[in-house]
Amino acid sequence: MEVVVLIVVIVMLLSAVAVMLFKDFLAALAAMTVVSLGLSFLFVVVRAPDVAMTEAAIGAGLSSLLFALALRRLGLWRSQ
Amino acid sequence: MSMEFLDGNTILYSAAFGLMLIGIGGIVISNHLMRIIFGIALLEAGANLLLLLSTYHEGASAPIIVDGIIPAMMADPVPQALVLTAIVIGVGILALALSLAIRVQRAYGTLDMREVRLRLEQEICDEAGIEMPSSSEKPAEVIKTPVNSVVQQESGS
């Protein structure tokens, strides 16, 4: 179990660094969603299943949608 | 595999502090406004995880009442309810920040914070009727000695 948690944490931290380093904002948004989904897995690990449901629905779903709409409005919706 | 120093709590706390660290670093280092908003979202995620970790202990169960589970063994549900609220408030903060970014781009045509800062200073100086200092990093030259001005005129011509 701890090995699985360790792998998820490493993937989360790497994609958090990738959010800051990617030139392409679409890729940064995808990495941000990876961070949110890993976070909802960690919420299940610390025994908070209701918070995990909310994080998966709102943190990964709704906020990614908001980011995507804002990127399209700002003209940054293009992959390089 | 010797992983005695990597127990579950250490991994989870390092995830929370790592996310907060990357978020703060991104906010401080980056110049693009969208990246600053991404940094705010990462910081928020790390803070939520840290708050939930304060309720968790080894062998805790989820705070759901079923037969055979003692309430003393449950994780504390009060911080979990607070984090639930904080996630929803975080989406509100995100929407506000993104709408402000859209307004900034409409007003200034760019999202680069250095240019936006320069334009803001220009507007303030125009409004106050004073000349803009040559660079925002360099302090303005207040006193000009005659020798200095002569040298500048010569170099200018």
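The values are calculated or read from the model by the stated rules, or taken from the named source; none is laboratory data. Remember, predicted model here, so these are calculated numbers, not experimental data. Glycine also receives a Cβ, built like all others from the backbone with ideal geometry; neighbour counts cover every protein chain displayed.
Contact map, the range B:17-36: first residue over 21 Å from B:LEU51 (Cβ atoms) and in contact (Cβ under 8 Å) with a residue 12 or more places away in the chain, second residue among the acidic types (Asp, Glu) and outside any loop (DSSP other than H, G, I, E, B), Cβ cut-off under 8 Å, separation 6 or more or different chains; pairs are B:ASN31/B:ASP112; B:HIS32/B:ASP112; B:LEU33/B:ASP112. Taking first residues from the range A:22-37 that are more than 8 Å from chain B (Cβ to nearest Cβ) and partners that are in a helix (DSSP H, G or I) and not polar (S, T, N, Q), the Cβ contacts under 6 Å between residues at least 6 apart in sequence or on separate chains come to A:PHE22/A:ALA28; A:LEU29/A:PHE67; A:ALA31/A:ALA18; A:ALA31/A:VAL19; A:THR33/A:ALA60; A:LEU37/A:ALA60. Of all the residues in the range B:41-85, those that are surrounded by 18 or more Cβ atoms within 10 Å (Cβ to Cβ) and either over 11 Å from A:ALA48 (Cβ atoms) or under 11 Å from the mean Cα position of the chain (by Cα) (or both) number 6. Before we move on, is A:GLY38 farther than 22 Å from B:HIS32 by Cβ and either touching a Phe, Trp or Tyr at 6+ places or on another chain (Cβ under 9 Å) or surrounded by fewer than 21 Cβ atoms within 10 Å (Cβ to Cβ) (or both)? Taking the combined requirement at face value, the residue does not satisfy it. Among the residues examined, A:ALA48 does not qualify as more than 9 Å from chain B (Cβ to nearest Cβ), modelled with pLDDT under 95 and under 18 Å from B:ALA47 (Cβ atoms).
For (1) in contact with a helix residue (DSSP H, G or I) (Cβ under 8 Å, 6 or more places away or on another chain); (2) within 11 Å of chain A (Cβ to nearest Cβ), each residue gets a yes or a no:
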| site | (1), (2) |
| --- | --- |
| B:ILE69 | no, no |
| B:ALA81 | no, yes |
| B:VAL116 | yes, no |
| B:ARG119 | yes, no |
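Only one of the numbered conditions (1) surrounded by 15 or more Cβ atoms within 10 Å (Cβ to Cβ); (2) closer than 30 Å to B:ALA60 by Cα; (3) more than 8 Å from chain B (Cβ to nearest Cβ) is not met by A:VAL5, and that is (3). Taking (1) modelled with pLDDT of 90 or more; (2) farther than 21 Å from B:PHE38 by Cβ in turn, B:VAL83 satisfies each apart from (2). Taking the criterion of being at pLDDT 95 or above, assigned to a helix (DSSP H, G or I) and under 30 Å from B:GLN105 (Cα atoms), would at least one residue in the range B:11-19 satisfy it? Yes, the conditions are met somewhere in the range B:11-19.
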